[in-house]
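The values are calculated or read from the model by the stated rules, or taken from the named source; none is laboratory data. Model, not experiment: these values are computed from the prediction. Using ideal geometry, Cβ is built from the backbone for each residue, glycine included, and neighbour counts are taken over all protein chains shown.
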């Protein structure tokens, strides 16, 4: 082992004094280390997934199950709410994708609550790493999961009759919007996880908050057929706007209108509000 | 009986006037201590005494309300980033990723310590070898025993061979065999010249590992010194007897006081553990007084199941200082600010 030498009293504090002569340290500027540390932690989360069958089921089987259930059990019902010429499968696949993204955001909260419980957060905070990377790395991993879940849903959707546009530009715009939504929701999930603190609470309360929101939207049926007093909310909430925009882009119904711009605006505002709150809550979580 | 103060260069950890409250709970009520470079300081106290709070402040996880802290010559409050590059922390719960393998854990932590991937991998192999975990290197931690997990946790805090290591109750919850294993590992570390600050509720652990001991209770330092110094505060040897159940303990107590009193000044009272039918009294006469003591106990009609002379333990120290044993204290203040 190396001999540890402490500095003479005159040593400048900036100098690192851990002495490991044969070790090779990487120097990075602060912004670069935020990114590199986030990637290290994102890799950690992604490595965990295939080893946790319950999570794997959540991100693969669940969206497929939802898609098949709605396609074959409620397909006729959904079709009845749509104008002639609009196919229920096209409508539903987009809804299931967005629901998968929304549920996926809860993983961010669950993961952070778990890290706190297992003492990993304390260890990370005692390392010379970028602190925000703990939250950001988790979110990057969850974005990766969102892409995976979305891809599976689209592929299974194609098998059961999903017929989207083949226009590349429309696809890029739609995917961009969905990823932005996933990113913003992950920050919200982080806040819920840091706020509720325990894995169990995030699971029950988090989903109780999020679940109705996905139904009080155009996720599964045309909101024109909702009770009148719900329509105002259901037609203008961000999930519906995102669905209107992505459906408009990929399947041509409903009309896209200005929903794409509106949802982008909503999401950017949400991001500006949520990111500082989440990072501050993380700092506070450490000092409790 | 304070720790020798050899000037700044000699102290790897300096704590001065440290205060921290959580709401109305005063976790640290102005504590001072130093850890000399290359030594082990045992921060000893019951649950809720403020040990963990002190460690959290020293490892940059918590900001104090008042006071000055320096680790490895670096002001912790002014330069937390530099402190983090020079310390290792092993907490009460093994803070490692359960789902990753031992090797993956160490590589990840190595990279977060700013090692290149190549260096991180090489270091992971070295540490796994050193901590007897090579065979389990590619197994996920779910398959590890408690002792293996703690060793991996300790290995993770040694990746960059930091000059100062904080071990917060490193053996809490381990079985005796694993505890001995951890003690050996920690002892090796100290032999390499690392400065260690160790918190513990186990008096035996502080006795075995620490060069100096600081006893904390309710956020204050109530005693400090070497284990021997603390024990000598309590005078010399003790006479401990166990009597058969059903014996009149007050008779036994009176007899012991007479015995102890006849051989010199009695400094301290008879400690009675009624559950174990065990009584202990300071006994200045030592081995020479033992035959006489036996005769008197026999004359009093007491039926002994055991009799022993022993040096005071740190349990006795704690009892003398606080009026309670460490265990009673821990029971009384569980859930008190950790």
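For region A:112-121, the count of residues that are crowded, with 19+ Cβ neighbours inside 10 Å, more than 14 Å from every other protein chain (Cβ to nearest Cβ) and farther than 20 Å from residue B:61 by Cβ is zero.
Taken over region B:70-85, the criterion of being touching a strand residue (DSSP E or B) at 6+ places or on another chain (Cβ under 9 Å), within 9 Å of chain A (Cβ to nearest Cβ) and not in a loop (DSSP other than H, G, I, E, B) is satisfied by B:75, B:82, B:83.
Which one is nearest to residue B:314 (Cα to Cα), of the residues in region B:31-51 that are in contact with a helix residue (DSSP H, G or I) (Cβ under 7 Å, 6 or more places away or on another chain), surrounded by fewer than 23 Cβ atoms within 10 Å (Cβ to Cβ) and within 14 Å of chain A (Cβ to nearest Cβ)? It comes out as B:36.
Please determine whether any residue of region B:157-170 is closer than 22 Å to residue B:318 by Cβ, surrounded by 21 or more Cβ atoms within 10 Å (Cβ to Cβ) and out of contact with any strand residue (DSSP E or B) (no Cβ under 7 Å at 6 or more places or on another chain). Within region B:157-170 (the criterion being closer than 22 Å to residue B:318 by Cβ, surrounded by 21 or more Cβ atoms within 10 Å (Cβ to Cβ) and out of contact with any strand residue (DSSP E or B) (no Cβ under 7 Å at 6 or more places or on another chain)), the answer is no, since none of the residues qualifies.
Of the candidates B:76, B:13, B:69, the single residue that is free of Cβ contacts under 8 Å to residues at least 60 places away in the same chain and under 25 Å from residue B:209 (Cα atoms) is B:69. Annotation note: of B:94, B:54, the sole residue that is surrounded by 21 or more Cβ atoms within 10 Å (Cβ to Cβ), within 30 Å of residue A:114 (Cβ to Cβ) and more than 13 Å from chain A (Cβ to nearest Cβ) is B:54.
Identification of helices (runs of 4 or more DSSP H) wholly contained in region B:162-274 with 1 or more residues that are without any contact (Cβ under 8 Å) to a residue 40 or more places away in the chain and within 23 Å of the chain's Cα centre (by Cα) yields B:176-191, B:203-209, B:227-232.
Against the conditions (1) modelled with pLDDT of 95 or more; (2) within 12 Å of another protein chain (Cβ to nearest Cβ), where does residue B:157 fall short? Just the number, please. Answer for residue B:157: the failing condition is (1). Looking across region B:137-155, the residues that are closer than 12 Å to residue B:101 by Cβ and either surrounded by fewer than 20 Cβ atoms within 10 Å (Cβ to Cβ) or without any contact (Cβ under 8 Å) to a residue 12 or more places away in the chain (or both) come down to B:137, B:138, B:139, B:140, B:142, B:143. The residues listed here are B:88, B:67; of these, the one that is at pLDDT 95 or above and part of a strand (DSSP E or B) is B:67.
Of the listed requirements (1) modelled with pLDDT under 95; (2) surrounded by fewer than 20 Cβ atoms within 10 Å (Cβ to Cβ); (3) assigned to a helix (DSSP H, G or I), residue B:132 misses just one: (3).
Does residue A:92 fit the bill of being more than 14 Å from every other protein chain (Cβ to nearest Cβ), at pLDDT 90 or above, more than 25 Å from residue A:139 (Cβ to Cβ) and surrounded by fewer than 17 Cβ atoms within 10 Å (Cβ to Cβ)? No, not satisfied.
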